[in-house]
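**Student:** Input: one structure, supplied below.
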Amino acid sequence: MKSYSDRSTILFQILVYTVMIFTLLVTLIPLISMAALSLSSSKAIVNNEVFLWPKGLTFEAYRQIFTYPNFFRAYGNTFFYTFFGTAISLVVMIFFAFPLSKPALKGTKFVLKLVVFSMFFSGGLIPNYLLISNLGLTNTRWAILLPFAINQFNLILLINFFKSIPIDLEEAAIIDGVNYAGILTRIVLPLSGAALATVGLYTAVFFWNDWFNGLIYLKSSQFPVMLFLRNIVTGTSMVGEAAGVGDKSAIAISIKSAVIVTSTLPIILLYPFLQRYFVKGVMIGAVKG
């Protein structure tokens, strides 16, 4: 019986590692391939010689995008939206989640049901646009920062974590004369590092990757880098300017690959710094024994 259990455990571990390795390869190979294409010569790209290692090493694609006038502006816009959008979102959701984590507070169940309902049903694109337009937010950075400050999934994540904090700590603080603002800032938030890091990472990735809302609500000088990338991928900018040297399609592929690498690398590098909190944070709300 014991040997059968050992074999089952070994087979399960083999299956888990196989799935993990396959997932890693599926995720990593396209990024490595993009990096190789961005560093390869047009001749190697035309001859289809590039896969995971650059051929005819050249930095021409990066020189092209770094000299393009709107690239660094778009990069700066993305850093602005990501930093301030994440900060505003965390502040708003903390003040929203803390009272909803108190079952004794009247109306919390009703409000929580509204939050869950809005997670699955929304007014749609046109009502959202009309609302943001009537509020005078179009063609301003607030059109990106404010309407997307609350994500229902992240909010529920924070509520569940706040509920998991022992009520005895709050009762002891109340006896010592601490009000609820003090409980939040002195007790709840210092104990919520894992939850805040997880929600912050989710929110930062959303703001970094978002391009559609920028296309709808912003003017060109306010575009994020992902919208800049989208315009390049669809062939609406810059590729034609670079097409005077070598093969047009090869240069286009090289430049697109370089923009993909430069626009996704920062958010990928951010993850290792939050990874130790992320594993604990994603287990928030799990069934406890």
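The values are calculated or read from the model by the stated rules, or taken from the named source; none is laboratory data. All values derive from a computational prediction rather than experimental measurement. All Cβ positions, even for glycine, are placed from backbone atoms using ideal geometry, and neighbour counts span all protein chains on display.
**Student:** Out of (1) more than 25 Å from PRO224 (Cα to Cα); (2) modelled with pLDDT of 85 or more, the odd one out for LYS55 is which?
**Tutor:** (2)
**Student:** Would you call THR27 at pLDDT 90 or above, of a type in the set (S, T, N, Q), within 25 Å of the chain's Cα centre (by Cα) and under 30 Å from ASN154 (Cβ atoms)? Steps first, please.
**Tutor:** Details: at pLDDT 90 or above: no; of a type in the set (S, T, N, Q): yes; within 25 Å of the chain's Cα centre (by Cα): yes; under 30 Å from ASN154 (Cβ atoms): yes.
It is false that THR27 is at pLDDT 90 or above, of a type in the set (S, T, N, Q), within 25 Å of the chain's Cα centre (by Cα) and under 30 Å from ASN154 (Cβ atoms).
**Student:** For the stretch 118-141, check the following and say yes or no: at least one residue is under 30 Å from ILE267 (Cβ atoms), assigned to a loop (DSSP other than H, G, I, E, B) and among the β-branched types (Val, Ile, Thr). Walk me through it before giving the result.
**Tutor:** To start, the set of residues in the stretch 118-141 that are under 30 Å from ILE267 (Cβ atoms) comprises 118-125, 128-129, 131-133, 135, 137-141.
Remaining after also requiring assigned to a loop (DSSP other than H, G, I, E, B): 121-124, 135, 137-141.
Then keep just the ones that are among the β-branched types (Val, Ile, Thr); that gives 138, 140.
Scanning the stretch 118-141 turns up at least one residue that is under 30 Å from ILE267 (Cβ atoms), assigned to a loop (DSSP other than H, G, I, E, B) and among the β-branched types (Val, Ile, Thr).
**Student:** List the residue pairs whose Cβ atoms are under 9 Å apart, where the first residue sits in the stretch 208-223 and is free of Cβ contacts under 8 Å to residues at least 40 places away in the same chain, the second is part of a helix (DSSP H, G or I) and of a type in the set (D, E, K, R), and the two are 6 or more positions apart or on different chains.
**Tutor:** If the second residue must be part of a helix (DSSP H, G or I) and of a type in the set (D, E, K, R), the pairs left are TRP211/ARG230; PHE212/ARG230; LEU215/ARG230.
**Student:** Taking the criterion of being within 28 Å of ALA143 (Cβ to Cβ), in contact with an Asp or Glu (Cβ under 9 Å, 6 or more places away or on another chain) and at pLDDT 85 or above, would at least one residue in the stretch 210-225 satisfy it? Working first, answer last.
**Tutor:** Pass one, the stretch 210-225, residues within 28 Å of ALA143 (Cβ to Cβ): 210-225.
From the residues that got through so far, the ones that are in contact with an Asp or Glu (Cβ under 9 Å, 6 or more places away or on another chain) too are 224.
Among the residues that remain, those that are also at pLDDT 85 or above are: 224.
Yes, the stretch 210-225 contains a residue that is within 28 Å of ALA143 (Cβ to Cβ), in contact with an Asp or Glu (Cβ under 9 Å, 6 or more places away or on another chain) and at pLDDT 85 or above.
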